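The values are calculated or read from the model by the stated rules, or taken from the named source; none is laboratory data. This one's a predicted model, so the numbers in the text were calculated from it and none came from an experiment. Here Cβ is always computed from backbone atoms with ideal geometry, including for glycine, and neighbour counts include all displayed protein chains. The protein model used for the area step is the full one, side chains on, heavy atoms only, and it has no ligands, DNA or RNA in it. Shrake-Rupley method; radii C 1.70, N 1.55, O 1.52, S 1.80 Å.
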Amino acid sequence: RHTHARMSEQKISDEEYFAQGVLDTNLEGLKKVYKGKVRDVYEVDEKTSLFVVTDRISSYDRVMKTPVPGKGKILNQLSEFWFNFLEEKTGIKNHMITADVDKMPEAVRKHKKILNGRCMLVRKLKMIPIEAVCRAYIT
């Protein structure tokens with residue numbers, strides 16, 4: 001039986017909730033515009049969005065029912081590293097504004113407890129539809 005609650009419907013302590021993994025987000029005051037396999041996207045204003053990386057697991061085109069607690073934070077921090085590294089080494093700009101919740105608008109900062117380490121404030125840009133998938137196999 002899966003007992004993973006949404007943050008807004010929480011009936012357990014914060015520590016218990018986060019130990020179970022973040023499957024879904026519902027950030028009061030922000031409009032959720034997209035729910036992907038792993039990320040939730042919120043509109044912050046006309047020029048910026050908030051990417052929130054959950055602990056959902058996707059395999060091929062399926063989303064599994066059981067999360068991996070902390071996975072979203074690791075994935076977000078890997079993305080942050082590569083965006084910063086590639087911009088620094090190549091000068092190529094990207095959509096990331098900041099991954100530091102304290103530097104985000106108040107509407108985002110008020111959700112710091114759930115967002116810290118697992119979100120990114122980004123510029124709204126026209127997407128280039130390219131996907132790259134890397135898979136590793138245990139043998």
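Details
- Residue within the range 42-59 that is closer than 22 Å to residue 133 by Cα, surrounded by fewer than 19 Cβ atoms within 10 Å (Cβ to Cβ) and among the basic types (Lys, Arg) present: no
- The one condition in (1) modelled with pLDDT of 80 or more; (2) of a type in the set (A, V, I, L, M); (3) part of a loop (DSSP other than H, G, I, E, B) that residue 5 fails to fulfil: (1)
- Only one of the numbered conditions (1) outside any strand (DSSP E or B); (2) of a type in the set (A, V, I, L, M); (3) closer than 25 Å to residue 19 by Cα; (4) free of Cβ contacts under 8 Å to residues at least 60 places away in the same chain is violated by residue 138, and that is (3).
- Residue list for the range 86-128, filter: part of a helix (DSSP H, G or I), over 16 Å from residue 75 (Cβ atoms) and either in contact with a strand residue (DSSP E or B) (Cβ under 9 Å, 6 or more places away or on another chain) or among the hydrophobic types (A, V, I, L, M, F, W, C) (or both): 86, 87, 101, 103, 107, 108
- In the range 117-131 there is at least one residue that is under 14 Å from the mean Cα position of the chain (by Cα), touching a residue at least 40 places away in the same chain (Cβ under 8 Å) and on the phi > 0 side of the Ramachandran plot.
- Any hit, the range 94-101, residues being in contact (Cβ under 8 Å) with a residue 40 or more places away in the chain, more than 15 Å from residue 37 (Cβ to Cβ) and of a type outside the set (Val, Ile, Thr): no
- If you check 98, 90 for being more than 14 Å from residue 50 (Cα to Cα) and at pLDDT 95 or above, only one passes: 90.
- The set of residues in the range 40-82 being assigned to a strand (DSSP E or B), at pLDDT 95 or above and either of a type outside the set (Val, Ile, Thr) or more than 24 Å from residue 105 (Cβ to Cβ) (or both) consists of 40, 42, 43, 49, 50, 51.
- The listed residues are 29, 36, and the only one of them that is among the small types (Gly, Ala, Ser), out of contact with any His (no Cβ under 7 Å at 6 or more places or on another chain) and open to solvent by less than 50 Å² (accessible area, probe 1.4 Å) turns out to be 36.
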